[in-house]
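The values are calculated or read from the model by the stated rules, or taken from the named source; none is laboratory data. All figures in this text were calculated on a predicted structure; none of them were measured in a lab. Don't worry about glycine lacking a Cβ; one is built from the backbone with ideal geometry, like all the others, and counts go over all protein chains shown.
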Amino acid sequence: MYNANKVIIGIIVFLIFFAMPFWLNFGKVEALPKPELPKEEKKCIEDTDYMKAYHMKFLDEWRKTKVREGKVYYINKEGKIYKMSLQRTCMKCHDNKEKFCDRCHKNLVVQPDCWKCHLAPEEVKKWQ
Amino acid sequence: MNLIFSLIVLAILILIPLIGVGVLGLSSLFAIFIPYLAFAIFFFGLIYRIIDWARSPQPYKITTTSGQQKSLSWIKHSRLESPASSWEVYLRMFFEVFLFRSLFRNLRADFDGKRLIYGSAKWLWLGAILFHFSFLVIMIRHLRFFVNEVPSFVQKISAVDSFFQLGVPPIYITDILILAGLGFLLLRRLVDAKVNYLSYASDYFPLLLIISIALTGILMRLYVKPDLYAIKQLTYGLATFNPALPKGNLSMLFYIHLFLVSSLAAYFPFSKLVHMVGVFFSPTRNMPNDNRMSRHINPWEYPVKYVTYAEWQEKFRDVLEEAGIPIDEEWTNVAQK
Amino acid sequence: MSKLPKPDQLLQGLDLHRTPEKHWMDIKPDFSPGKYCYAVDPQVMIDMGRPNLGKWQPTDEKWPLPEDWKERLLKAIRDRMERFRSFKLFMDICVRCGACADKCHFFLGTGDPKNMPVLRAELIRSVIKGEFSFFGRLFGRVAGARPLTEEVLKEWYMYFYQCTACRRCSVFCPYGIDTAEVTIIMRDILHELGIALDWAMKPLRNSHFIGNHLGLQPHTIKENIEFLMSDIAEITGLNIEVPINKKGAEVLFVTPSADFFADPGIYTFMGYVLLFHHIGLDYTISTYASEGGNFGFFNSIEFAKKLHSKIYEEAKRLKVKWILGGECGHQWRFWHQYHGTMFGPFDYLEVPKSPITGTVFEHAKYHKAVHICEFTADLIAHNKLKLDPSRNDHIVVTFHDSCNTSRGMGIFEEPRFILRNVCNNFVEMPENTIREKTFCCGSGSGLNTDEYMEIRMRGGFPRANAVEFVHKNYGVNTLVAICAIDRATLTALMKYWVPDVVVAGVHELVGNALIMEGEKERTTDLRYRPLKGMEEEV
Amino acid sequence: MSFKTFLESRSVEILNHWIRTFWESFGESAPFFRKEIDQFTNPFGYYIEEAFREILQTLIVDFSWERVDPYLEKLAQIRSVQETLPSQAAKFLLDLKKILRELYGDQIIEEFGFGSLLEWEDKINCLLIRFMDFYQKYRERLYEVRLEEFKRNNYLLLKRAGLIWDEEKDKFFDNKKH
């Protein structure tokens, strides 16, 4: 092999760059933080798989129908009626933002702007 | 013909996970085994290619000099175009690799009467830059799936990239730019007569493959949403070598996306895509133009037989004497010895 | 239904119809007169110790190839890939982006798609894929692969001898792929079977056995020089003697042999001699190493080394301090980029130092050879020359950057600096056609043969077109170049496209402008053309 | 409407047709020559378009050899290194006849009579033979170039052998004597 020094440095740089996930995790493998689910309620408004993937679309839809059309109630697939409210409906069961919302969001670099206007249950408690 | 062939190959590549996961239910094969295999091919393949190139020496220093050489002290020397020292070479390579300087050279504006015209070549530079840089940013962004506590630079890049808060979730700028770049590069191959004429299936295929990867990614972000938490469980497991199939539902689209990425990785070392590492080896760019200042060694240089002065003088002795050109007796003796 | 007959119905017998769109692999090379160079005479190959195919011409239906030709070629290709990283790499990393396509003067002049540099390299790339790669063999044409056949070989002959190794494409390639390198290596590979050009090989043999390309014997060189000195005597009134094979001189001067005998190189030679006399340089020329140019360079690297070995043997024998090189293109690309590796270290020479100005040529400290334009530019910068630029007022000059010295060495400013000082009318050609973007003369790398004239004129058309532009707009009548092949072939090119423009070397103009000590009043330039204001007296 | 105004109103279409027909005979890289319009990057395509445009204009508006000659000559200069057969080189002029006949032949005969069409075609015939003159000139020049190159390469040897009569220098001596 010719120009061995430079080539080996090149290979190392290549490995450092493309194996970055490996290096960044190196030596600190731990379980992903799990969101804490409500203990009493077993069922969310819609089924769990749907909520996991689409909750942001779902909430956005609620926001639009409530603010623009003035509707207050949501009827789920089973015919159950819910009041469209993040703070009063969702956070009633999911009563800890930090342990439920943030764990995933922080982990996946998602910065929803819900909390610019809404108050997290923890905050509400502080005020009460 | 070449395009159609590439489209067929791409269709097959999309069908494989559809059947493999959707019909046969081979989830762990497609989620764990194939990605590992593909990336092993990617790493070992590329390192093999690098070493393979390095096994051949570069016998002569054949820098392409696109600017004034370093010569007399009062003549301005073009440091980038005709580098004379190592750091000038590094600078030239930097501009070459990160800003595609040689392609940029095509930039030219002309006036035809009153109309300002730009040839297609400038667009080539722009298309290439858009595509390559978007690809890089997208790759860095994807680190959020592979690292538990996402480093702050990834967070910052993501934040900048989603600067325009359009919709929920916000659209990434690079997602649009990469499609624009790729679309241009593909369109160019179809429309520009001379490029069309020299394009093979192996030119269309990588473009189509990367376009499909980008499209499946964008679809997942905006429309057909997967369970991100489950995906991160899988990808984090892969990155830390603790692979496990998560409990949640990985959507079909995700399997297709993952399989196409794996295909790209495995295809990489055996295709023209190796230009990514090959460009660093290019002898016309990575060598200084200092041939007359320092020596370059060719490991296989061998002596050649030539007509020596002594032989030549013997051959022409008569005419030399007649013309009054001096005869070198010293060298006559050398010949006789 | 039209009442009128169609005019072209009468012409049906002639094949005037559109060439159907074909894949490039299906188009056969066209060996019609004017479009190919003659093949080498077998005796030349025997003399040079190389294989040969006997008497044959590329037009032959079946080439007299030896039975194992395919294995020999494939072995040669493998061997070159192992020895030249450039070749191996260039075969792998092209992405066919097409940035080079419209940069080749042969493509612009002929419109033949195989003259696009990318496709020229593809001629061999496709064979490497088709013969060595598993996937290439599997997918064939869609992957751009094909087997090596006699047709392919004919195509190689056609197109690797339709490239002048000018490197214009390599300037624009994002990966720096240099088609010149591919061309040179491919010609070397063809040599393994004895396939070569007659025009390129005969001068090579002459240079090897006699010392220069034309085969001038030592006494002829001397007489030629004396003849030129008598012209100088007539023009300037000075009797100058040129030292030949002088031992112990300070400088060995090596220039292409065309400067000794061919028009217009001889005027440049007269310019050199006047300059050396003016500054009193202690120099010598050699009749043994009487060739600066190197026809080996574009035939086979090994031949190139054979030819130039003489220069160093001669430098050693004559015990000179350093070497000065004349105005030549291939000579300087080869000197600059290959000599240091091939012939070094040069510890029997000294670091070049101008005896007049005392300038040490630091950039040549290892190699010990200086380009005459660097040398003269340094003299002018130190005010050591008495110059009268008005003696060049009868001409309007433009400068053609020769491919080899510009893209293979990087000498741009020195000749321009000299020109600005020796003449008053200097005009640049359009920006896209000069400096590193210069267009080739269309006849470099051993293609300057007369049977190839049509292709040469087409290949040189982009260059001629730019000259015509400055000729029409600024009255340019002299095209200056620092390359012997340029001086010979651009003259032909100008004769065809822009007949009012003549070709000269930089030092011809220097020679015109130099005010020599003890000279008589000059009425003509070195070509016996009257100077401005002297038309009456001549 | 006169025949001239008729042609003028159709000139763009005729020109486009003519140029397209020319390039169609040119093979795979024709699209490049048509698209790239820079004079220095694409001298060949540039001159073709320019010459075709000017020749057609001269034919239609008012015919004069002074105007048409330089373009015809430039075309001949280019064509004579591209095509070694005169028939191939000059065919583009016949194409012009064909285009007019095909596009408007019947209409012209009905509206302006046979005479107009013949007159038009006669003009093209003139151009054709004129073109052949130029073509011949440049083919000959090509051979002159070959011959002179040979002489130049051996200039000093021939001169020293007394085989070249040096006109310039002879004049110089003659003048000096007087």
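Residues in segment B:27-53 that are within 13 Å of chain C (Cβ to nearest Cβ) and touching a residue at least 24 places away in the same chain (Cβ under 8 Å): B:45, B:46, B:48, B:49, B:50, B:53. Among the criteria (1) more than 30 Å from residue D:32 (Cβ to Cβ); (2) facing chain B (nearest Cβ under 7 Å); (3) not hydrophobic (A, V, I, L, M, F, W, C), the one residue C:71 does not fulfil is (2). From the list A:127, A:115, the lone residue that is aromatic (Phe, Trp, Tyr) and within 17 Å of the chain's Cα centre (by Cα) is A:115.
Within segment C:239-256, the set of residues being in contact (Cβ under 8 Å) with a residue 60 or more places away in the chain and under 24 Å from residue C:377 (Cα atoms) comprises C:249, C:250, C:251, C:252, C:253, C:254, C:255, C:256.
Taken as a whole, segment C:342-360 holds at least one residue that is under 30 Å from residue C:160 (Cβ atoms), surrounded by fewer than 22 Cβ atoms within 10 Å (Cβ to Cβ), over 21 Å from the mean Cα position of the chain (by Cα) and hydrophobic (A, V, I, L, M, F, W, C).
Residues of segment C:86-107 being touching a Pro at 6+ places or on another chain (Cβ under 9 Å), farther than 17 Å from residue C:132 by Cα and at the interface with chain B (Cβ under 7 Å from one of its Cβ atoms), which ones? Listed by number, the residues that qualify are C:86, C:95, C:97, C:99, C:101.
Residues of segment D:40-81 being of a type in the set (S, T, N, Q) and buried (at least 18 other Cβ atoms within 10 Å of the Cβ), which ones? Once the filter is applied, which keeps residues that are of a type in the set (S, T, N, Q) and buried (at least 18 other Cβ atoms within 10 Å of the Cβ), segment D:40-81 yields D:41, D:42, D:58, D:77, D:80. Going through C:221, C:225, C:244, C:279 one at a time, which residue ends up being more than 13 Å from every other protein chain (Cβ to nearest Cβ) and either farther than 30 Å from residue C:183 by Cβ or surrounded by fewer than 24 Cβ atoms within 10 Å (Cβ to Cβ) (or both)? Unique residue meeting the criteria: C:279.
Yes/no per residue for (1) in contact with a Ser or Thr (Cβ under 6 Å, 6 or more places away or on another chain); (2) within 27 Å of residue C:271 (Cβ to Cβ):
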residue	(1), (2)
C:295	no, yes
C:307	yes, yes
C:310	no, yes
C:314	yes, yes
C:323	no, yes
C:329	yes, yes
C:334	no, yes
C:344	no, no
C:353	no, yes
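For segment D:131-155, the set of residues classified as surrounded by fewer than 14 Cβ atoms within 10 Å (Cβ to Cβ), under 22 Å from the mean Cα position of the chain (by Cα) and aromatic (Phe, Trp, Tyr) consists of D:143 only.
Selection of first residues in segment C:59-87 that are more than 24 Å from residue A:2 (Cα to Cα) and of second residues that are loosely packed, with under 14 Cβ neighbours inside 10 Å, restricted to Cβ pairs under 6 Å at least 6 apart or on distinct chains, gives the following pairs, ordered by first then second residue: C:64/C:54. Helices (runs of 4 or more DSSP H) fully within segment C:355-454 that include at least 2 residues being hydroxyl-bearing (Ser, Thr, Tyr): C:403-407.
The helices (runs of 4 or more DSSP H) located wholly in segment C:118-227 that include 1 or more residues which are out of contact with any Cys (no Cβ under 6 Å at 6 or more places or on another chain), closer than 29 Å to residue C:23 by Cβ and of a type outside the set (A, V, I, L, M, F, W, C) occupy C:134-139, C:150-160, C:168-172, C:179-191. Taken as a whole, the condition of being surrounded by 14 or more Cβ atoms within 10 Å (Cβ to Cβ) and not in a loop (DSSP other than H, G, I, E, B) does not apply to residue B:94.
Restricting attention to segment C:282-314, the residues being crowded, with 22+ Cβ neighbours inside 10 Å, assigned to a helix (DSSP H, G or I) and touching a Gly at 6+ places or on another chain (Cβ under 9 Å) number 7.
Conditions (1) buried (at least 24 other Cβ atoms within 10 Å of the Cβ); (2) at the interface with chain B (Cβ under 10 Å from one of its Cβ atoms); (3) in contact (Cβ under 8 Å) with a residue 40 or more places away in the chain; (4) among the polar types (S, T, N, Q), marked per residue:
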site: C:110; (1), (2), (3), (4): no, no, yes, yes
site: C:120; (1), (2), (3), (4): yes, no, yes, no
site: C:133; (1), (2), (3), (4): no, yes, no, yes
site: C:137; (1), (2), (3), (4): no, no, no, no
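Pairs linking a residue in segment D:37-51 that is in contact (Cβ under 8 Å) with a residue 24 or more places away in the chain to a residue that is in a loop (DSSP other than H, G, I, E, B), with Cβ atoms under 8 Å and 6 or more positions apart or on different chains, are D:44/C:111; D:49/D:37.
Could you check, for segment B:305-321, whether at least one of its residues is touching a residue at least 24 places away in the same chain (Cβ under 8 Å), buried (at least 19 other Cβ atoms within 10 Å of the Cβ) and either in contact with a Ser or Thr (Cβ under 7 Å, 6 or more places away or on another chain) or more than 7 Å from every other protein chain (Cβ to nearest Cβ) (or both)? Checked segment B:305-321: at least one residue is touching a residue at least 24 places away in the same chain (Cβ under 8 Å), buried (at least 19 other Cβ atoms within 10 Å of the Cβ) and either in contact with a Ser or Thr (Cβ under 7 Å, 6 or more places away or on another chain) or more than 7 Å from every other protein chain (Cβ to nearest Cβ) (or both). On the given criteria, is residue D:112 within 21 Å of residue D:25 (Cβ to Cβ), part of a helix (DSSP H, G or I) and either in contact with a helix residue (DSSP H, G or I) (Cβ under 7 Å, 6 or more places away or on another chain) or of a type outside the set (A, V, I, L, M, F, W, C) (or both)? No; evaluated as a whole, the condition is false for this residue. When the helices (runs of 4 or more DSSP H) confined to segment B:131-227 are screened for residues that are in contact with a Gly (Cβ under 7 Å, 6 or more places away or on another chain), those reaching at least 1 such residues are found at B:173-191, B:193-197, B:201-222. Figure legend. Inter-residue proximity from segment B:189-210: first residues within 14 Å of residue C:139 (Cβ to Cβ) and modelled with pLDDT under 90, second residues crowded, with 21+ Cβ neighbours inside 10 Å and aliphatic (A, V, I, L, M), beta-carbon distance below 8 Å, spacing 6+ or different chains. Indicated pairs: B:200/C:143; B:201/C:143; B:202/C:143. Return the only residue of B:298, B:286, B:249 being farther than 30 Å from residue A:21 by Cβ and either at pLDDT 90 or above or within 7 Å of another protein chain (Cβ to nearest Cβ) (or both). Going through B:298, B:286, B:249 in turn, the sole match is B:298. Being on the phi > 0 side of the Ramachandran plot, at pLDDT below 90 and in contact with a Lys or Arg (Cβ under 7 Å, 6 or more places away or on another chain) is not true of residue C:54. In the set (1) touching a Lys or Arg at 6+ places or on another chain (Cβ under 9 Å); (2) within 14 Å of another protein chain (Cβ to nearest Cβ); (3) at pLDDT 85 or above, residue A:63 fails one condition alone, (1).
If the condition is being over 27 Å from residue C:354 (Cβ atoms), more than 18 Å from the chain's Cα centre (by Cα) and facing another protein chain (nearest Cβ under 10 Å), then segment B:69-97 contributes no residue at all. Screening segment A:33-128 for helices (runs of 4 or more DSSP H) wholly inside it with 2 or more residues that are farther than 29 Å from residue B:150 by Cα returns the ranges A:48-69, A:121-127.
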